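The values are calculated or read from the model by the stated rules, or taken from the named source; none is laboratory data. Remember, it's a predicted structure, so these values are computed and weren't measured experimentally. We place every Cβ from the backbone using ideal geometry, glycine too, and count neighbours over all the protein chains shown. Side chains are part of the model used for accessible areas, which takes the heavy atoms of the whole protein and leaves out ligands, DNA and RNA. Shrake-Rupley method; radii C 1.70, N 1.55, O 1.52, S 1.80 Å.
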Amino acid sequence: QVQLQESGPGLVKPSQTLSLTCTVSGDSITTADYYWTWIRQPPGKKLEWIGHISAGGTTYYSPSLKTPPSISRDTSKNQFTLQLSSVTPEDTAVYFCARAVEDTDYRRPVTGQYDYWGQGTQVTVSS
């Protein structure tokens, strides 16, 4: 079974950098046909897609975020990370990592289709 688990500080001060790690077991993050994804849900709001890193290491980010995030990976540890700089209280949310499935005909992720999720981790931005 594929398992994903988020980790990182639960409290971040405004203007600092939010850093989270997703540890994957049961499959390699370099395995083809999947996209390793960060998603968040602010209180009382719907899920918001942040970005992903492909099995080949290519990243793509949501154009809706005021400050572009950075997603990277450590293949030796089978982990991928999220960094979001200059955070504000509006970045308070539950953050999830998930695996997106691929439309193999077009070599792109299928919108809204995730076969595995982490349990989520609460991050609060406050002084």
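Which members of the range 102-127 meet the condition of being in a strand (DSSP E or B), open to solvent by 60 Å² or more (accessible area, probe 1.4 Å), closer than 21 Å to residue 43 by Cβ and out of contact with any Cys (no Cβ under 8 Å at 6 or more places or on another chain)? Once the filter is applied, which keeps residues that are in a strand (DSSP E or B), open to solvent by 60 Å² or more (accessible area, probe 1.4 Å), closer than 21 Å to residue 43 by Cβ and out of contact with any Cys (no Cβ under 8 Å at 6 or more places or on another chain), the range 102-127 yields only 122.
A quick yes/no check of all residues on (1) touching a strand residue (DSSP E or B) at 6+ places or on another chain (Cβ under 9 Å); (2) under 22 Å from residue 110 (Cα atoms):
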| residue | (1), (2) |
| --- | --- |
| 1 | yes, yes |
| 8 | yes, no |
| 19 | yes, no |
| 36 | yes, yes |
| 44 | no, no |
| 48 | yes, yes |
| 67 | yes, no |
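Report, by residue number, each residue of the range 67-86 that is of a type outside the set (Ser, Thr, Tyr) and over 16 Å from the mean Cα position of the chain (by Cα). Across the range 67-86, the qualifying residue is only 77. Residue 60 satisfies every condition listed in (1) part of a loop (DSSP other than H, G, I, E, B); (2) touching a His at 6+ places or on another chain (Cβ under 9 Å); (3) hydroxyl-bearing (Ser, Thr, Tyr) except (1). Hey, any hits in the range 41-49 for a residue that's in contact with a Ser or Thr (Cβ under 8 Å, 6 or more places away or on another chain) and without any contact (Cβ under 8 Å) to a residue 40 or more places away in the chain? Yes, the range 41-49 contains at least one residue that is in contact with a Ser or Thr (Cβ under 8 Å, 6 or more places away or on another chain) and without any contact (Cβ under 8 Å) to a residue 40 or more places away in the chain.
Which residue out of 99, 40, 73 is basic (Lys, Arg), open to solvent by 70 Å² or more (accessible area, probe 1.4 Å) and part of a strand (DSSP E or B)? Let's see the steps before the verdict.
Values: 99 fails: open to solvent by 70 Å² or more (accessible area, probe 1.4 Å); 40 fails: open to solvent by 70 Å² or more (accessible area, probe 1.4 Å).
When all the criteria are applied, what remains is 73.
Restricting the search to the range 1-37, which residues are out of contact with any Gly (no Cβ under 7 Å at 6 or more places or on another chain), among the polar types (S, T, N, Q) and open to solvent by 40 Å² or more (accessible area, probe 1.4 Å)? Lay out the reasoning, then the answer.
Start the filter on the range 1-37 by keeping residues that are out of contact with any Gly (no Cβ under 7 Å at 6 or more places or on another chain), which leaves 7-18, 23-37.
Narrowing the set further to residues that are among the polar types (S, T, N, Q) leaves 7, 15-17, 23, 25, 28, 30-31, 37.
7, 15, 16, 17, 23, 25, 28, 30, 31 - these are the residues of the range 1-37 that are out of contact with any Gly (no Cβ under 7 Å at 6 or more places or on another chain), among the polar types (S, T, N, Q) and open to solvent by 40 Å² or more (accessible area, probe 1.4 Å).
Could you please let me know if residue 32 is in contact with a Phe, Trp or Tyr (Cβ under 6 Å, 6 or more places away or on another chain) and not β-branched (Val, Ile, Thr)? Before the answer, list the steps.
Details: in contact with a Phe, Trp or Tyr (Cβ under 6 Å, 6 or more places away or on another chain): no; not β-branched (Val, Ile, Thr): yes.
No, not satisfied.
Within the bounds of the range 43-57, is there any residue that is under 25 Å from residue 127 (Cβ atoms) and among the aromatic types (Phe, Trp, Tyr)? Even if it seems obvious, please write down each step before you answer.
First, pick out the residues of the range 43-57 that are under 25 Å from residue 127 (Cβ atoms): 43-45, 48, 50.
Filter once more, keeping what is among the aromatic types (Phe, Trp, Tyr): none.
Within the range 43-57, not a single residue is under 25 Å from residue 127 (Cβ atoms) and among the aromatic types (Phe, Trp, Tyr).
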